[in-house]
1. Under unit Cβ charges (Lys, Arg +1; Asp, Glu -1), what dipole magnitude, rounded to 20 debye, does the chain have relative to its Cα centre?
2. Could you list the GluC sites (Glu not before Pro) in the range 11-74 that lie in coil according to DSSP, counting only those with at most 11 other Cβ atoms within 10 Å of their Cβ?
3. At most 10 other Cβ atoms within 10 Å and a DSSP loop assignment: could you name the trypsin sites (Lys or Arg not before Pro) in the chain that fit?
4. Please compute the length gained on full extension between T6 and V39, using 0.36 nm multiplied by the number of residues separating them and subtracting their Cα-Cα distance.
5. Would you calculate a helix-derived [θ] at 222 nm for the chain, using -39,500 (n - 2.57) for each DSSP H run of n ≥ 4 and dividing by the full residue count, to the nearest 500?
Amino acid sequence: MPQLPTHFRRWVELKEPERLARDAGRIAQEVVSHLTSLVDADVKVTIEVEATSGDGFGEEVVRNVSENADALGFDKTSGFS
């Protein structure tokens, strides 16, 4: 009998970031729920946000995004540069 796979890792780039809530819900329902339903599965979901602006990000945007990211528990080792 062939050995069963023991690891799953995939990523997806959301083409319409303004539809994050919809897409995250689908990912949770159609992928994550199948994994979390297994008694012995250790499941971790990571969300990464990356943005660039040729004009740069203004002070208000930097402050708002940084404060919100901190409050939501985002990793503090990265951010604006």
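1. Values: 9 positive and 15 negative charges, 80 e Å.
In debye, rounded to 20, the chain gives about 380.
2. Working: sites: E13, E18, E30, E48, E50, E59, E60, E67; in loops: E13, E48, E50.
Answer in residue order: E13, E48, E50.
3. On the way: sites: R9, R10, K15, R19, R22, R26, K44, R63, K76; in loops: R9, R10, K15, K44, K76.
Of the trypsin sites (Lys or Arg not before Pro), the ones in loops of the chain whose Cβ has at most 10 other Cβ atoms within 10 Å are R9, R10, K15, K44, K76.
4. Working: separation 33, 0.36 × 33 = 11.88 nm, distance 1.36 nm.
Taking 0.36 nm per residue and subtracting the Cα distance, the gain is 10.5 nm.
5. Numbers: 3 runs with 25 residues, N = 81.
Dividing the helical sum by the residues of the chain leaves -8500 deg cm²/dmol.
Laboratory data are not the source of any read-out in this text; all were calculated from the coordinates shown. Please read all numbers here as calculations on a predicted model, not as lab measurements. When we count neighbours, we look across all protein chains shown, and the Cβ atoms used for this are built from the backbone with ideal geometry, even at glycine.
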